[in-house]
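This report refers to the structure that appears directly beneath it.
The values are calculated or read from the model by the stated rules, or taken from the named source; none is laboratory data. Computed from a prediction, not measured in an experiment: that's the story for all the values here. Methodologically, a virtual Cβ is constructed for each residue, glycine included, from the backbone with ideal geometry; neighbour enumeration extends over all protein chains shown. Surface areas here come from the heavy atoms of the whole protein model, side chains and all, with no ligands, DNA or RNA. Shrake-Rupley method; radii C 1.70, N 1.55, O 1.52, S 1.80 Å.
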Amino acid sequence: MGDVDNDGDIDLMIGRTGLTANQVHLNDGCDSCVVTINRTWTAVDCLANSSECLQQITVEDTTAPVVTCPANITISCGPSASPSGTSTATATDNCHGASAVSLSDSVASGSCPMESVISRTWSSTDDCGNVGTCVQTITVTDNIAPVISCPANVTVECDASTAAAGTGTGTATDNCTDTPVMTSSDSIASGSCADAPIITRTWTATDACGNSSNCTQTITVVDSTAPVITCP
């Protein structure tokens, strides 16, 4: 049968022997990483004969914080990959409560220049130097084609050049590539006469990851000028 005194000592009665324990915390505190408890056990019989022994209990904080990563995510290369758009990890600790988290990124190349795979390591360190980590994978893709604009359709005389320098050039913008590559190809159909064909010019804009879009421009060639005749 045992009783707990008002002073926190543990009293046990074994037969006619009284057993008590008195403990002292040598370095206790809320922020202590190692707490040492010296527990002195004292046995006293009915004739007041006593003996004692010392038990030392060491309490340590060796458990790292538990870090919970945001879900893996796939984003387009346009938006930012910052945590404001991809979420932030959280951390809890068994001894010192919630811990702040920090991040570091490792970036690997993707399948084309504008794509990448970001391995974002989130870490949290508690007051005792224990470190917990988790890894979030952010896949950056480029699957959006450029936005292309064709020059206006145009009509030119048969003796004028039909080159883009005179008839206009297509333009394009892209969410990832600063300057998409612009190319053109012509399809020629017969017009009202042999010297007046109709040119369908297809403009194609291609970004760095091979996404492309196109538009068409019609160039109508006419012969509206009479011959210049010189009489003898």
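Each row is one residue, and each column tells you yes or no for (1) within 23 Å of the chain's Cα centre (by Cα); (2) part of a strand (DSSP E or B); (3) of a type in the set (Asp, Glu).
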residue: 52; (1), (2), (3): no, yes, yes
residue: 62; (1), (2), (3): no, no, no
residue: 75; (1), (2), (3): yes, yes, no
residue: 78; (1), (2), (3): yes, no, no
residue: 100; (1), (2), (3): yes, no, no
residue: 114; (1), (2), (3): yes, no, no
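Of the strands (runs of 3 or more DSSP E) lying entirely inside segment 141-232, those containing at least 1 residues that are within 32 Å of the chain's Cα centre (by Cα) are 147-149, 171-173, 181-189, 198-206, 212-222.
Okay, residues lined up against (1) closer than 20 Å to residue 86 by Cβ; (2) open to solvent by 70 Å² or more (accessible area, probe 1.4 Å); (3) free of Cβ contacts under 8 Å to residues at least 60 places away in the same chain:
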residue	(1), (2), (3)
101	yes, no, yes
104	yes, no, yes
108	yes, no, yes
119	yes, no, yes
139	yes, no, no
142	yes, no, no
146	no, no, no
153	no, yes, no
165	no, yes, yes
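In the set (1) at negative phi; (2) open to solvent by 60 Å² or more (accessible area, probe 1.4 Å), the condition left unmet by residue 87 is number (1). One residue stands out in segment 184-196 among those that are surrounded by fewer than 13 Cβ atoms within 10 Å (Cβ to Cβ) and hydroxyl-bearing (Ser, Thr, Tyr): the one that is farthest from residue 208 (Cα to Cα), namely 192.
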